[in-house]
Structure formats: C-alpha cells, structure tokens
C-alpha cells in the first residue's frame, strides 16, 4: 500500500489501518484531505513534502476547473527528490 490523500469525510470508514499523518485543506474550496501512510512506512518529513505537492495538485485542478478526486495517490521520496533536483537546475 502506498501513501494516499483521501477526502476527510470518507477516511475513517475506508482506511482504518493507515496512519493519519495530517490534514490538508484546499485553499480554493476548503475541502479537507487526510494524508495517510502505511504504519510501517510512516514518516512526518515525507508527509510534509507530500502536502506541498498536494497543494500544487489541488490548485492546478481548480485552474483546470476539475473536481478533486476522492483518493489521490501520493508520490514517494524518490519522486519528490527527483522533482526537487529538476526545479533547482538552471535553465
């Protein structure tokens, strides 16, 4: 199982075996998402990085007038590290 973000109202019923790492509220619409990790892989640092990524995804969905999914798979550290290295490269 991978880390996920799930709309808050359906988190408890569907993913009771996941460890809740925090809640992110969409700046545009106020919808809340629970960031959840498998208990054996729970990491506060990773959850924080995933929250920043999720903020960007939610903002992009509003820009495209797209509805938020109920469940969003979150990237792992390897992807976040790669993405960060790409952003720091000069053009």
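The values are calculated or read from the model by the stated rules, or taken from the named source; none is laboratory data. Predicted, not measured: the structure shown is a model, and the values here were computed from it. Counting neighbours? That spans all protein chains shown, and the Cβs are built from the backbone with ideal geometry, glycine included.
Report whether or not residue 23 is loosely packed, with under 15 Cβ neighbours inside 10 Å, within 13 Å of the chain's Cα centre (by Cα) and outside any helix (DSSP H, G or I).
Yes, satisfied.
Between a first residue in the stretch 9-37 that is modelled with pLDDT under 90 and a second residue that is surrounded by 14 or more Cβ atoms within 10 Å (Cβ to Cβ) and outside any loop (DSSP other than H, G, I, E, B), which pairs have beta carbons less than 6 Å apart while being 6 or more apart in sequence or on different chains?
Taking only residues 6 or more apart or on different chains, the pairs are 11/34; 15/36; 18/36.
Of everything in the stretch 69-78 that's free of Cβ contacts under 8 Å to residues at least 40 places away in the same chain and outside any loop (DSSP other than H, G, I, E, B), which residue is surrounded by the fewest Cβ atoms within 10 Å (Cβ to Cβ)?
The selected residue is 78.
Within the stretch 52-68, can you find the residues that are over 14 Å from residue 35 (Cα atoms) and either out of contact with any strand residue (DSSP E or B) (no Cβ under 9 Å at 6 or more places or on another chain) or loosely packed, with under 13 Cβ neighbours inside 10 Å (or both)?
Matches in the stretch 52-68: 56, 59, 60, 61, 62, 63, 64, 65, 66, 67.
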